[in-house]
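These notes concern the structure reproduced below.
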Amino acid sequence: MTAPKTQSSILARCSNFFYLVMGMIWSAGVWATGPMEAMSAQTQSDPKPPTKVEGDARMGKVLFDQHCVTCHGPKGRGDGLEIAGATVADLSSPTTQRKLNTDLLATIHDGRPGKVMPSWGYRLSKEQSRDVLAYIRTLRRK
């Protein structure tokens with residue numbers, strides 16, 4: 001009579017082991033494909049920044065020269081005056097140019113808390129901020 005208990009106990013162990021291994025394989029598959037699917041979905045949902053910006057790039061250059069050139073430099077490459085320990089954004093870089101207009105406008109308006117980028121929302125109107133953004137879009141490296 002002990003033989004059937006042993007067989008059922010071996011069968012139960014094998015069954016448990018099988019489910020454990022299958023769970024591990026499934027988890028590994030989810031882990032391996034999860035980030036790629038998320039990255040793919042993010043790429044599809046992140047539209048390219050519009051090439052047309054509501055704003056006057058010529059007026060934006062005037063404002064840029066008055067307010068931004070000191071830190072960002074004449075071509076927006078972040079090579080203006082050096083500020084000890086500060087990193088200034090290169091506005092012509094692909095990283096910056098890929099950002100959405102709404103994100104760049106928010107940075108112009110609100111600044112970057114904890115960074116050297118000040119808020120210009122108190123000095124520039126929404127129209128002027130769009131003008132500056134229109135000019136920043138002309139700085140794109142070709």
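Nothing in this text is a laboratory measurement; each read-out follows from the coordinates by a stated rule. In this text, all values refer to a predicted model and were calculated from it rather than measured experimentally. FYI the Cβ positions are ideal-geometry reconstructions off the backbone, even for glycines, and counts take in every protein chain you see.
Residues in region 112-134 that are of a type outside the set (A, V, I, L, M, F, W, C) and over 13 Å from His67 (Cα atoms): Arg112, Pro113, Gly114, Lys115, Ser125, Lys126, Glu127, Arg130.
For region 102-142, which residues satisfy the criterion of being among the β-branched types (Val, Ile, Thr) and surrounded by 13 or more Cβ atoms within 10 Å (Cβ to Cβ)? Spell out the reasoning first.
The initial filter retains those residues of region 102-142 that are among the β-branched types (Val, Ile, Thr), namely 102, 107-108, 116, 132, 136, 138.
Listed by number, the residues that qualify are Thr107, Ile108, Val116, Val132, Ile136, Thr138.
Of all residues in region 102-125, those being among the hydrophobic types (A, V, I, L, M, F, W, C) and assigned to a loop (DSSP other than H, G, I, E, B) number 4.
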